[in-house]
Amino acid sequence: MLNEADLREGAADTDAVPAAGATDTPRTSRRLILGGSLAALSLAAGSLARPSSAVAQGAPAAAPAKGPQPFDYPGKDKGLTLLGDRPLVAETPESLLDDDTTPISKFFIRNNGQVPEPIKDVDGWQLKIEGEVEKPLTLTVKELKSRFKPQTFRMVLECGGNGRSFYQPAARGNQWTNGGAGCAEWTGVRLADVLKAAGLKASAKFTGHFGADPHLSGDTTKDAISRGMPIEKALEPHCLIVWAMNGEPLPHIHGGPLRLIVPGWPASLSSKWLNRILVRATPHDGQGMGGTSYRVPTIPLVPGSNADGKTNFADLTSMPVRSIISAPANGTRLPAATREVTLRGAAWAGDHNVAKVEVSFDAGQRWHAMTLAKPKNRYDWVRWTGKVKLPSEGYFELWARATDSRGVAQPHVATNWNPQGYGSNPLHRIAIMVG
C-alpha cells in the first residue's frame, strides 16, 4: 500500500464556500489532478494520483492538492476526512466503506447547524405530531417504544450533495467525493404508524420536520434546517422514526435520541434530534426548501450559470445510482506477478434497485460483470465482488459502474450541473500499480 496520507484528498473549508462558477478551491486540484496527462503519477514520491471524472472534460493542470484535514472526534475513526468544522461535516473514504453494515465509527457526519447539548433524559425526549391531523400527539421516546411495533432495517443514508466535488466548475457547499453515504441498521417505528395514530385528514399532503439543532448563528428564531416531503413518501413502510443504530442507542452526533430515516432520498430529510413533525396541506417552506436548496434543474443549465431555482427546478427526490470500490483501496501497489485483482464494493440506487455492477480496467473499452449479493431489505445497499484479469504489470485505473432497475447507468462525468451540486454520481475510479 502506498502512503495513504498522500492519496487522500484535501477538504474544503465550508466557511469559505465557493461561488457558482469558481474553480480555485482547495479540492479543485484533487478533481483535476489527472488533467492533461498521467504525469501526475508521482511514484518517486510514493503516491498515486487520484483518478477523477474531470479528466474527460479536458480540465487544465492545477496546483498541488491540499492535504487532508486532521479528524478527531470521540468514537469516530481517524480515517474520516474533515470537510468543515462549522458546521461539523466529515466523509468516509471509500476504502473504509468495506463493511456490510457500516460501523458507527466509520459513518459520515453531516450537520447543518450547531450540535445541541447532549440529552440526559433520553426516554423522556418528546416528539410532537401536529397540523393536518385529527388528534395531535405528543409522544416520548418511551411511549414510542411501547405503543408501536419496532422495526429494524439496514438502509443507506446519503447526503444530497454526495459527489459534489466532481462537478466542473465547482458548485457551492461541502466538497464531497463518494463518502457522504453509509449503510447502518436502524431501529425504530414506522413513521406511517405514528401519522396514522394521529389521524391524517384528507388535507394531509406533505410533512415538515423540525429538530433541536440550533442555527449556526445562534439565532433562536431560525431553524438550522427544516425539510419536508410528500405524504406518499412519509407513508412508505421503510420511513422510520429511530432511536437505535447498529443495535446501540442512537449516538448524539447522529441525531440521538430520536431522528427520522427517509431512505432513498437526500439525508437532509432524515431530521436529527427530531422533536416535531408538522403535517401540511401545502409543500413545506422551511429552511432548506425552495430555491436551489436540494433542488435540481429540470432543463439542463450551462455549467457555471447563475440560477435562483424559481423556475425549471424540482426537489431532488430519489438519489441517483452509485457504485464504489471499497477494496483494493485507491493507491494500492501489487506485486509484479499479479495478473488477477479481486474487487469488493457497494452499490445503491435511491428508490430503485441495483441491476448490475461492472468494472473496467481499460477506460471503459471492456466491462466485466461483478457478482451481486442479495440485500437484506429494500434500501439496503448491494455488496458486490468480482475479479478482473490484467494484461501486464504497470499502472491501471479501475472504473466501477452501476446500473439501476430502470436501465439507468452511472455517467462517465458528473451531469446536470446545478449551483449547489446535487445529484453528481460519475463512475468511481481508483488507481493501482502492479510491480
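Would you mention how many residues in the range 277-289 are open to solvent by 30 Å² or more (accessible area, probe 1.4 Å) and either over 20 Å from residue 261 (Cβ atoms) or outside any strand (DSSP E or B) (or both)?
Residues meeting the conditions: 7.
Only one residue in 332, 317 is touching a strand residue (DSSP E or B) at 6+ places or on another chain (Cβ under 7 Å) and either at pLDDT 95 or above or open to solvent by 20 Å² or more (accessible area, probe 1.4 Å) (or both). Which one?
One residue alone meets the criteria, 332.
Give me a count of the residues in the range 201-234 that are among the basic types (Lys, Arg), within 26 Å of the chain's Cα centre (by Cα) and open to solvent by 10 Å² or more (accessible area, probe 1.4 Å).
Total meeting the criteria: 2.
Which fully enclosed strands (runs of 3 or more DSSP E) of the range 316-398 have 3 or more residues being within 22 Å of residue 101 (Cα to Cα)?
Result: 322-327, 340-348, 354-360, 382-389.
Whether any residue in the range 246-263 is over 19 Å from the mean Cα position of the chain (by Cα) and assigned to a strand (DSSP E or B) is what I want to check.
yes
Give the range 264-285 a look and list any residue that's under 16 Å from residue 111 (Cα atoms) and of a type outside the set (S, T, N, Q), or say none.
266, 267, 269, 272, 273, 274
Would a scan of the range 116-123 turn up a residue that is surrounded by 19 or more Cβ atoms within 10 Å (Cβ to Cβ), in contact with an Asp or Glu (Cβ under 9 Å, 6 or more places away or on another chain), on the phi < 0 side of the Ramachandran plot and at pLDDT 95 or above?
No: zero hits.
For the range 379-394, enumerate the residues that are more than 11 Å from residue 342 (Cβ to Cβ) and either under 17 Å from the mean Cα position of the chain (by Cα) or of a type in the set (A, V, I, L, M, F, W, C) (or both).
Listed by number, the residues that qualify are 379, 380, 381, 382, 383, 384, 390.
Can you pull out the residues in the range 356-414 that are touching a His at 6+ places or on another chain (Cβ under 7 Å), open to solvent by less than 50 Å² (accessible area, probe 1.4 Å) and among the charged types (D, E, K, R)?
358, 404
The values are calculated or read from the model by the stated rules, or taken from the named source; none is laboratory data. All values derive from a computational prediction rather than experimental measurement. Note that we place each Cβ from the backbone using ideal geometry, even for glycine, and neighbour counts take in every protein chain shown. Surface accessibility is based on the protein's heavy atoms, side chains included, excluding ligands, DNA and RNA. Shrake-Rupley method; radii C 1.70, N 1.55, O 1.52, S 1.80 Å.
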